[in-house]
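Let me begin by presenting the structure, written as structure tokens, before commenting on it.
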Amino acid sequence: MHHNIASLEVIRWGYANIPGALFHYGQELDLEIEDIGVLAAILYTFERTRPLFQTGVSLGQVLQVCPLANKAKLSRRLNRLEKIGLITLESKSKGSSNKHIFLEPLFNRLEKLIMRDHSYITPEPDYNIQLKEYQKRIEQLELELEREKEKEKLPDMIELFNKSDGNYKKVADFISKKTGNLLSVKMANELKKWLEEMAFTPEFLLCMLELCFERNIYNPREISKIARDLKEYSVNSVEGLELYFQKYIDEDISRLAKYKQFDPDIMEFGQFTGVDMNAEARKNVYYKWRYDWGFSHNMIMKAGEIMCQRTKNGGLEYIDSVLNNWLTKEIRSPEDAEREIKEFKAKKVDKSADKNKVFKTEQIEYELYVPPATLEELKSKV
């Protein structure tokens, strides 16, 4: 009887289920017998803790579920498995030794090997690729629709510019000739900025646009990003233009991706504000301010300074609201920002003074009224 109960207890503890494919493809996967033992411990931890597959299990959980494992030896084996591309290790917090273990690379490798040896198994369609193709097509259709709308409302505005500004006409004609289309509203607005705000000469713009069009860069926003870079780096010659395009545009990766590897401006911003800028989403917020909204690094630092002065934990959301306010009011320099801050403070002081005046007036006008009869009665009691 006791023997049967003990057997049931063994069954209740469950089993460490190891995919048989590990033994079959172990040599191709460069596995050692100790590696299979470690993978068995990880799989058993998954079985006991039942986390979401995407969240993985931690080193601490494996040691807790499998007390037999030694932390130092287990860490060395995990590093080896990561090196041969069978697991992924991630630290949830900076400097933490309790790494999380993910088995997705292992199952991907096994899947490829099985599909290689079994031709009747066809891979599932890559829906991500299909989705990207659909999104690209939708963007193309939206762009075509936008162009059709712009053709209906643009001619009068173009003619007005052509009559009043010879430089504008020169560049506008060049763009129309190269693109084979009338100037879009967006391109017309950006061209005005290049000539007036950035003070580029028509000759310089023609060279810049020629280099953009040679590389199939036609989007006004993308061209404006390049123009802002050229202005910031004081590029004002044809040689400088060619060097910039060779260094930042002609490489396989985009200029923005190149910045993301290491951007000293983002590092300075993070150190100054105390905001951790390592996350990709936070870097994208900074790039939105810099390239989509067109603020200089100094203006972003100024907004960060205001956030630090006014709130302890405002973070990027507070800075975003400050810059959005400046964008609406066309505030583009630190001097204009200082002027706006002083005006805001002055208005605040005036409002406070007005409130005090109103309060005093109300005190005078609304004194407590006591009827004469009641007043005499009170006096007699005293």
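Laboratory data are not the source of any read-out in this text; all were calculated from the coordinates shown. As the structure is a computational prediction, the values presented were derived from the model and not from experiment. In this analysis, Cβ positions are derived from the backbone assuming ideal geometry, glycine residues included, and neighbour counts consider all displayed protein chains.
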Cβ crowding within 10 Å averaged over residues, with 63-70, 221-228 ranked highest first: 221-228, 63-70
Residue (of TRP289, MET277, SER321) at the positive-pole extreme of region 264-353, dipole from beta-carbon charges: SER321
Region 260-298 and region 12-56: distance between their alpha carbon centers, rounded to Å: 41 Å
Charge tally in the Cβ shell below 15 Å around GLN64, where Lys, Arg are +1 and Asp, Glu are -1, GLN64 excluded: +3
Filter on LYS225/LYS283; LYS178/LYS225; LYS73/LYS283; LYS132/LYS288; LYS312/LYS342; LYS92/LYS225 - keep pairs with C-alpha separation over 28 Å: LYS73/LYS283; LYS92/LYS225
Cα pair distances in region 264-353, grouped into 10 Å bins until the bin that holds the longest one, percent each: 16, 50, 27, 7, 1
